[in-house]
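Below: the structure, in structure tokens.
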Amino acid sequence: MFEIYSAALKGIIEGSGLVGLTGGNIVMLVVAFVLLYLAIGKGFEPLLLLPIAFGCLIANLPLSGILSAPDPANGIIHGGFLYYIKFGIDQEIYPIIIFMGIGALTDFGPLLANPITFLLGASAQLGVFVAVIGAMATGFTIQEAAGIGIIGGADGPTAIYLCNKVAPQILGAVAVAAYSYMSLVPMIQPPVIKLLTTKADRAIKMDQLRPVTKLERVLFPIVSTVACGLILPASVPLVGMLMFGNLLRESGCTERLSQAAQNEILNATTIFLGISVGSTMNATDFLQITTIKIILLGLVAFATSTVGGLVLGQIFKVVSGHKINPTIGAAGVSAVPMAARVVQRVVQKENPSSFLLMHAMGPNVAGVIGTAVAAGTMLTLLTQ
């Protein structure tokens, strides 16, 4: 009887995760705990950082088989749960669906009311290309540099989409960096704005935006999709689904579909995307000096993108005869609507009667399109 219990106990011990636990697993579990704290305790992009953290947590619990691939030769017919869930990342399905949801949530009215602000969204992509050059200079391949550079657009789904296509081995680090900096917009951008603008600049009041007709709102997603598709075909998956979601919102006859895209579909996809990205954060790929380099380069990319928008904002200020507040250029990154809110808070400290939120939303939503186009441009160049 004792031998039976002894054998059973031995089998339990040998099959426990403690036996397979490595130093790398322990470090990654600590990383997961830190990310969970940032998401829950500090509110850093919790809707995606929390699933990413938990995906990292369960992926680094040894011997669970949750990531195992099917192996019929050894009698393993079915893979683990995350093996199948990751299909949406491997085939770039989740980021594209999320773009549809973002489109359904986005009001392009401020951009249509003042189309010149589209250029501010484009100029705020400067950090993307600066970071690409910086990454190549520090030893990354051109494919890895493209995946790192897109962090500068402050658009998590686009970063995941591009990185998975060109450099999947650094996907975990890029995703964590992208969403971390998105959550840190209120901390990173104000010092840059104050450095490149004067108090007088920040106090400039802008005229109220003109009303936008329904025809303009309906035509915009259609025309944008056709234009981007003809000029830059590689941008169609992202831009096309972004505009499809927006057309659901603006058409006026698909309210149920619009609500589904904004809520149930977007929320479910966000969960699967986060857990899938987190599951790529294994010790072998993540615990390298390259991860630190990626995080630092991401910060450079994001700060430089803010600079790019502000510099063009200053030019617009001069050309318009001081009718345009240059701070709205900082909203050209894709962190919607956080970057626009940051601009509003900064200018109200100088002029409490100034309300620039809707003006800042123009370059802010333009930045979403700009980052998708930047990703499409790099895909085109890297796949020729």
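Computed from the coordinates by the stated procedures, all read-outs in this text should not be read as laboratory data. Fair warning: this is a prediction, and the values are worked out from it, not measured in the lab. Quick reminder, even Gly has a Cβ in these numbers, built from the backbone with ideal geometry, and neighbours come from all protein chains shown.
Taking other Cβ within 10 Å of each residue's Cβ, how do 270, 383 sort, fewest first?
383, 270
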Summing -39500 (n - 2.57) over every DSSP H run of at least 4 residues in the chain and dividing by its residue count gives a helix-only mean residue ellipticity at 222 nm, to the nearest 500 deg cm²/dmol, of -21500 deg cm²/dmol
With just the Cα atoms defining each centre, how far is region 325-354 from region 250-302? Give it in Å.
25
Using the basic label-point model (7 angstrom from Cα toward the beta carbon), what is the residue 71 to residue 296 distance in nanometres?
3.9
Among 308, 43, 103, which one shows the highest mean-square fluctuation when the chain is modelled as a Gaussian network with alpha-carbon springs under 10 Å?
43
Highest mean first, how do 240-248, 185-193, 293-301, 149-157 rank when packing is the count of other Cβ atoms within 10 Å averaged over residues?
149-157, 240-248, 293-301, 185-193
Neighbour-count order for 216, 45, fewest beta carbons within 10 angstrom listed first:
216, 45
Which value, in debye to the nearest 20, describes the size of the charge dipole of the chain about its Cα centre when Lys and Arg Cβ atoms bear +1, Asp and Glu Cβ atoms bear -1, and nothing else is charged?
1260
Report the Cα centroid-to-centroid distance between region 52-119 and region 143-171 in angstrom, as an integer.
13
Linear extension gain, residue 254 paired with residue 349, 0.36 nm per residue minus alpha-carbon span
30.1 nm
Simple spin-label estimate for residue 138/residue 215, 7 Å along Cα→Cβ, in nm, reads 5.1
Are there any helices in the chain, counted as whole DSSP H runs, that stretch 27 Å or more along their axis by Cα and score at least 1.0 on average by Kyte-Doolittle, and if so which?
289-319, 357-382
Student exercise: in the chain, how many lysine pairs 8 or more apart or on different chains have Cα atoms under 21 Å apart?
14
Express in nm, to one decimal, how much length is gained between residue 207 and residue 319 on full extension, taking 0.36 nm for each residue of separation and deducting their alpha carbon distance.
38.7 nm
Could you list 277, 342 in order of exposure, starting from the residue whose Cβ has the fewest other Cβ atoms within 10 Å?
342, 277
Would you mind checking which residues have amide H under 5 Å from residue 76's amide H? H placed 1.01 Å from N; only 5 or more apart, or other chain.
71
To two decimal places, what compactness ratio does the chain give when its Cα radius of gyration is scaled by 2.2 N^0.38 Å?
1.08
Provide the net charge surrounding residue 96, with neighbours chosen by a C-beta distance below 14 Å and charges set as Lys +1, Arg +1, Asp -1, Glu -1.
-2
Sorted by average packing, counted as other Cβ atoms within 10 angstrom per residue and highest first, what order do 26-32, 348-354 take?
26-32, 348-354
